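Reviewing the structure listed below.
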Amino acid sequence: MTQSTTIRWEQDETGIVTLVLDDPNQSANTMNQAFKDSIAAIADRAEAERDSIRGIIYTSAKKTFFAGGDLKDMMKAGPDDAQRVFETGTGIKAALRRIETLGKPVVAAINGAALGGGYEIALASHHRIALDAPGSKIGLPEVTLGLLPAGGGVTRTVRLMGIADALLKVLLQGTQYSPKRALDNGLVHEVVATREEMIEKARAFIDANPESQQPWDKPGYRIPGGTPANPKFAANLPAFPANLKKQLAGAPYPAPRNILAAAVEGSQVDFENALVIEARYFTELVTGQTAKNMIQAFFFDLQAVNSGANRPKGIESRKVRKVAVLGAGMMGAGIAYSCARAGIEVVLKDVSAESAAKGKAYSEKLCEKAVKRGRTTQEKADALLALITPTADPADLAGCDAVIEAVFEDPALKHKVFQEIQHIVEPDALLCSNTSTLPISALAEGVERQGDFIGLHFFSPVDKMPLVEIIKGERTGDEALARAFDLVRQINKTPIVVNDSRGFFTSRVIGHFINEGVAMVGEGIEPASVEQAAAQAGYPAKVLSLLDELTFTLPRKIREESRQALAAEGVEMPVHPAEGVIDRMIDDFGRKGRSSGAGFYEYGEDGRRGPLWPGLREHFTKPGYEIPFRDMQERMLFSEALDTVRLLEEGVLTSVADANIGSIFGIGFPGWTGGVLQYINGYEGGLPGFVARARELAATYGDRFLPPALLVEKAQKGERFSDA
Ligand code: NAI
């Protein structure tokens with residue numbers, strides 16, 4: 001008998017076999033080749049020694065129960081590999097199925113996170129007990145990587161909870177549940193507090209259910225809620241499109257559709273055939289480009305960024321204890337909440353006690369909501385709020401070891417507030433500005449310790465947005481950079497690091513997206529088509545509605561300042577076709593965006609967005625004028641991608657992973673692309689294909705689409721954008 005390498009077989013005198021998942025070569029268990037071989041050997045042994053076995057318990061010797069599929073392997077699956085991938089999935093599935101149908105009770109003792117493949121092992125067990133370990137998550141998040149769970153995940157969740165619940169609760173959003181919420185939603189049977197209790201309960205289940213079987217293997221089993229063949233089923237159907245609408249927008253993101261198809265088609269055949277259907281839909285996904293883009297970004301790039309690939313080496317990490325937040329407006333209030341949520345003491349300062357209290361009230365509102373929804377307890381909410389001290393008195397900032405400034409976007413005011421506080425806070429406090437566009441090196445002037453001064457650019461709403469852009473000024477020291485990085489991680493956000501420049505990376509690049517959308521309106525394209533093009537390209541916010549939120553005066557101010565700054569260096573900034581449209585909206589029609597009650601859209605008295613303003617068609621639209629829909633989408637996507645390459649050329653960006661993660665998490669570049677540089681890598685024909693298409697767009701729509709030298713050079717050398 002082959003000795004299994006990643007699974008230990010531990011049989012006690014009562015005949016209970018504990019299968020300990022413990023890959024000796026990795027910190028977490030994954031569905032790699034070694035696991036495939038091991039689980040097959042285990043199934044052989046279980047069948048051969050069936051009579052001496054009373055029951056089986058899966059558990060793991062690692063901190064996590066099981067990490068999931070082997071993503072490195074999946075990245076290698078090319079379009080011609082369909083057959084190989086299909087077989088890999090089948091091997092593991094077949095073994096799990098043999099153990100599941102042995103006729104002996106099988107229990108999953110889930111001692112830590114069980115996501116993807118890990119939860120699929122649990123699903124192939126008759127009873128699932130989860131340990132309530134901190135940070136433990138349970139679910140099938142494959143959809144967020146452009147995949148579907150092909151280790152039986154679709155087939156078993158459909159049979160466990162019915163098609164509607166399986167799709168909506170587990171498969172389509174990829175929700176990751178805490179053990180308690182997993183219990184509430186029917187993903188596990190029991191939650192326990194200790195490891196001992198978990199094993200005790202597992203044994204108790206085996207004792208009480210000697211001939212246990214999966215519900216779907218019992219005679220007369222029917223899928224809960226019915227199948228499409230059943231008249232009852234149709235009543236559930238209308239709920240699907242509304243829930244799926246966003247994910248199924250025109251972007252090339254086939255995973256939700258394939259999941260839906262696998263679930264519905266698989267429900268109409270027997271279990272074994274459902275597994276085959278699931279595998280076929282998986283194969284299509286894993287051999288396609290979108291899954292590769294998403295695995296690259298949401299797994300590899302995200303891991304590189306969060307683990308500090310861009311943090312200066314050799315500097316000890318330090319935790320912030322007490323932070324001064326200057327300015328309790330929209331951003332300051334959100335920053336205060338995010339810091340307090342991570343257990344940091346916050347002094348929230350504004351010009352008056354009332355404004356400071358108003359800033360704290362924002363946290364009170366968020367806490368109240370969280371308690372109401374059961375996401376936290378009243379006790380924890382009270383403890384969080386007790387950490388925030390609102391004040392108007394600079395003396396209260398004594399003892400702060402970090403400062404985050406979020407007053408109005410006015411360089412003179414920012415200088416003033418730093419001067420006011422620099423001698424009150426700790427003598428080595430980290431000094432951060434949350435400016436969204438002002439160059440950091442210039443803001444640092446007037447501060448005594450310029451080496452400790454750095455940009456920390458949060459995104460709105462701060463409590464929801466996961467990204468923080470760290471901006472290194474000319475004189476920022478490595479120690480400050482490392483401390484800023486650690487602070488961002490301390491508050492559980494994702495840090496990207498860029499060098500100083502006007503608008504940094506994110507504000508500058510999103511400006512191109514907006515300008516391109518506005519320019520199309522100016523050219524005479526139907527505004528509704530422009531919005532549709534953005535949505536169907538996969539942007540989370542439509543382009544005209546986004547500018548309405550930001551207000552039109554902001555881009556005008558930024559462009560005027562940029563033009564002046566460039567003129568001072570003797571450079572003439574070209575006029576973008578969007579400028580005329582924005583000027584007319586403000587000057588001729590008095591429409592400045594949502595905050596003025598009128599923008600590209602109309603707004604009701606309650607501030608609710610109404611329809612697009614009919615005046616747009618009257619003043620800008622040329623009836624019958626159209627350009628290909630693909631051109632509309634690619635003008636937006638290319639304008640952002642091309643400028644990102646320029647930022648790499650200029651040395652503002654220094655890492656491909658930072659660019660990809662920053663674009664998706666900070667400024668809504670479509671997730672299916674894998675980020676702004678992965679979009680270029682994955683474009684049809686690779687970099688040469690992208691260059692050729694950029695030249696085509698330049699010939700039709702203007703020189704701003706000409707590919708930068710770095711891109712052309714990489715295309716010629718056969719390279720791609722990568723940090724490796
Ligand atoms: P806001 O107008 O909501 O808040 C500014 C706050 O600063 C006000 O409460 C004001 O009373 C206070 N303030 C003014 N002078 C002060 C002083 N001397 N001491 C203490 N507080 C003072 O502005 P918002 O939107 O929060 O923006 C703040 C900063 O964050 C700006 O630099 C902005 O560019 C930047 N930012 C804004 C983003 C956004 O989406 N709104 C995104 C990222 C950065």
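Values as computed for the structure displayed
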read-out	value
Elements of type helices (runs of 4 or more DSSP H) in region 320-430, at least 3 residues being over 21 Å from Val488 (Cβ atoms)	353-372, 378-386, 411-421
Verdict on Thr506 being surrounded by 15 or more Cβ atoms within 10 Å (Cβ to Cβ), in contact with a strand residue (DSSP E or B) (Cβ under 6 Å, 6 or more places away or on another chain) and at positive phi	no
Single match in Asp301, Asp270 (criterion: under 24 Å from the mean Cα position of the chain (by Cα) and not hydrophobic (A, V, I, L, M, F, W, C))	Asp301
Filter result (more than 28 Å from the chain's Cα centre (by Cα) and within 16 Å of the ligand (Cβ to nearest atom)) within region 311-342	Ala324, Leu326, Gly327
Region 443-500 - residue that is of a type in the set (Phe, Trp, Tyr) and over 14 Å from Ser433 (Cβ atoms) and, of those, nearest to the ligand (Cβ to nearest atom)	Phe459
Every residue from region 394-421 that is surrounded by 14 or more Cβ atoms within 10 Å (Cβ to Cβ), of a type outside the set (A, V, I, L, M) and closer than 22 Å to Ser507 by Cα	Glu405, Glu409, Pro411, Lys414, His415
Meets criteria (in the same structural domain as Val521 (by the TED database) and at pLDDT 95 or above) for Asp606	no
Failed item in (1) within 10 Å of the ligand (Cβ to nearest atom); (2) small (Gly, Ala, Ser); (3) out of contact with any strand residue (DSSP E or B) (no Cβ under 9 Å at 6 or more places or on another chain), with Ala383 passing the rest	(1)
Filter result for Ala113 (under 17 Å from Ala67 (Cβ atoms), crowded, with 21+ Cβ neighbours inside 10 Å, over 21 Å from the mean Cα position of the chain (by Cα) and not charged (D, E, K, R))	no
Which listed residue, of Ile57, Ile39, Ile53, Ile16, is more than 19 Å from Ile110 (Cα to Cα) and at pLDDT 90 or above	Ile53
Output for region 504-535, where each listed residue is assigned to a helix (DSSP H, G or I) and aromatic (Phe, Trp, Tyr)	Phe513
Among residues of region 314-337, those that are surrounded by fewer than 24 Cβ atoms within 10 Å (Cβ to Cβ), under 17 Å from Cys400 (Cα atoms) and modelled with pLDDT of 95 or more, counted	4
Selected residue (criterion: farthest from the ligand (Cβ to nearest atom)) from residues of region 422-437 that are of a type outside the set (Asp, Glu) and surrounded by fewer than 22 Cβ atoms within 10 Å (Cβ to Cβ)	Pro427
Helices (runs of 4 or more DSSP H) wholly inside region 139-233 that include at least 1 residues being in contact with a strand residue (DSSP E or B) (Cβ under 7 Å, 6 or more places away or on another chain) and under 30 Å from Ala255 (Cα atoms)	179-184
Filter result for Glu345 (in the same structural domain as Asn434 (by the TED database), under 30 Å from Gln419 (Cβ atoms), at pLDDT 95 or above and away from the ligand (no atom under 16 Å from the Cβ))	yes
Close pairs from region 186-204: first at negative phi, partner among the acidic types (Asp, Glu) and in a helix (DSSP H, G or I), Cβ under 7 Å, at least 6 apart	none
Scope region 398-410; condition modelled with pLDDT of 95 or more and within 11 Å of the ligand (Cβ to nearest atom); matching residues	Ile404, Glu405, Ala406, Val407, Phe408
Residue match in region 360-380 (condition: in contact with a helix residue (DSSP H, G or I) (Cβ under 7 Å, 6 or more places away or on another chain), within 16 Å of the ligand (Cβ to nearest atom) and of a type in the set (Phe, Trp, Tyr))	yes
Filter result for the condition that a residue is modelled with pLDDT of 95 or more and farther than 15 Å from Ile404 by Cα, over Glu474, Glu469, Glu426	Glu474
Thr59 polar (S, T, N, Q) and in contact with a Ser or Thr (Cβ under 7 Å, 6 or more places away or on another chain)	yes
Residues of region 386-397 satisfying the condition of being within 16 Å of the ligand (Cβ to nearest atom) and among the hydrophobic types (A, V, I, L, M, F, W, C)	Ile388, Ala392, Ala395, Leu397
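Residues checked against (1) within 16 Å of the ligand (Cβ to nearest atom); (2) at pLDDT below 95; (3) buried (at least 18 other Cβ atoms within 10 Å of the Cβ):
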site	(1), (2), (3)
Gln268	no, yes, no
Glu278	no, yes, yes
Gln289	no, yes, yes
Ala309	no, yes, no
Val351	yes, no, no
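For every residue, the table says whether it meets (1) within 15 Å of the ligand (Cβ to nearest atom); (2) under 19 Å from Val530 (Cα atoms).
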{"position": "Asp548", "(1), (2)": "yes, yes"}
{"position": "Leu554", "(1), (2)": "yes, no"}
{"position": "Ala565", "(1), (2)": "no, no"}
{"position": "Pro574", "(1), (2)": "no, no"}
{"position": "Val581", "(1), (2)": "no, yes"}
{"position": "Arg584", "(1), (2)": "no, yes"}
{"position": "Gly593", "(1), (2)": "yes, yes"}
{"position": "Ala598", "(1), (2)": "no, yes"}
{"position": "Tyr601", "(1), (2)": "no, yes"}
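To keep it simple, each residue is scored yes or no on (1) part of a loop (DSSP other than H, G, I, E, B); (2) small (Gly, Ala, Ser); (3) more than 30 Å from Asp631 (Cα to Cα); (4) modelled with pLDDT of 95 or more.
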{"site": "Leu438", "(1), (2), (3), (4)": "yes, no, yes, no"}
{"site": "Leu443", "(1), (2), (3), (4)": "no, no, yes, yes"}
{"site": "Ile454", "(1), (2), (3), (4)": "no, no, yes, yes"}
{"site": "Asp486", "(1), (2), (3), (4)": "no, no, yes, yes"}
{"site": "Val497", "(1), (2), (3), (4)": "no, no, yes, yes"}
{"site": "Arg502", "(1), (2), (3), (4)": "yes, no, no, no"}
{"site": "Ala541", "(1), (2), (3), (4)": "yes, yes, no, no"}
{"site": "Ser545", "(1), (2), (3), (4)": "no, yes, no, yes"}
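The values are calculated or read from the model by the stated rules, or taken from the named source; none is laboratory data. The structure presented is a predicted model; accordingly, all values stated were derived computationally and were not measured. We place every Cβ from the backbone using ideal geometry, glycine too, and count neighbours over all the protein chains shown.
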